Amino acid sequence: MLAILEAWFDRLQDWSTSPWFYLVIFVVALLDSVVPVVPSETAVILGGIAAGQGKLNVGLVIAAGAVGAMVGDNIAYGIGRRFSGRIQDWYKAKPKRAKQLAWASHQLRTRGGSLLLTARFVPGGRTVITLSSGITRQPRLRFVFFVAVACAIWASYGAGLGYFFGVQFKDDHTKAFLIAFATALGLTFLLEIVRHSRRKAKAAEEAAVPTGVS
C-alpha cells in the first residue's frame, strides 16, 4: 500500500508545476469519490506544495479539490439513489454485506451530518457513506450542505499541509497521507465526544421535565 502511494506521488509530482494540474486535482478528487482506487489527498497536497513554491495558486488548488470532491460525492449519492434497488439486492445477497448496509443506514440516521464530515477524510469510507446516503434516500439538501462543508475543510487541510509543510513531505510523501489519515481519526473521535455529550445533556433535560400533574 505504501509503495503504491509513493508511486502515485511520484507520477503526480511530474505534473504538479503545470497550470493544468488544477484540472488534474479536480478530476482525481471527483473520481476518487466514486471509484476509490487511489486517495485524492495526494493530488491536493502536491498542489499545495507547488503553491508554496510559487508555481500554483493555493486558493485555486483548494477550489479545484473541493469542487471536484463535491461533484463526485453527489454523483455517488445519485448512483446510490438511482440504482438503490439493485445495490440493495447485491448487499442482501450475503449476510456480511447486508450487515454493512444496515450499519451504514443506522449510522446515517443517528449521526447524520457529523458522519459525512468525518467520512470525507477517510479514503474509501467516504464513498461507502455517500453511496449509502443515496441508497437510504437521505434528505438531499442536508446531504449537499454537509458535503459542501466537508469538502471545503478537506481541500483546505490537504492544500495547507502541502503549502506550509511541503519541505517535510518532499522526500517522504507517505508521511503527508498518514498525517491526513491520523487527523481524520482524531476529528472523528472529537466529534463523537461532542455528540455523546450533547446526547447525554438532552437526555438529562428530558428526564428533568415533569411528565404530568395528577
FRET efficiency estimate (nearest 0.05) - Cβ-Cβ, Arg82 to Arg142, R0 25 angstrom: 0.85
FRET E, pair Trp90, Ile153, Förster distance 35 Å, beta-carbon r, rounded to 0.05: 0.65
Relative packing of 47-53, 78-84, which averages over residues the other C-beta atoms within 10 Å, highest first: 47-53, 78-84
FRET efficiency estimate (nearest 0.05) - Cβ-Cβ, Val27 to Gln100, R0 22 angstrom: 0.15
Global geometry of region 50-114, whether rounded, prolate or oblate, following the gyration tensor of its Cα atoms and the 1.5 cut on a/c: prolate
In Hz, Karplus ³J(HN,Hα) per residue of region 78-86 (6.51, -1.76, 1.60; θ = phi - 60°; x = Gly, Pro): x, 5, x, 6, 5, 10, 4, x, 5
Proxy reagent accessibility, fewest Cβ within 10 Å first, across Val149, Val35: Val35, Val149
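Coordinate-derived values only; no laboratory data. Quick caveat, the model's predicted, so the values are computed rather than measured. No Cβ is skipped: glycine too gets one built from the backbone with ideal geometry, and neighbour counts run over all protein chains shown.
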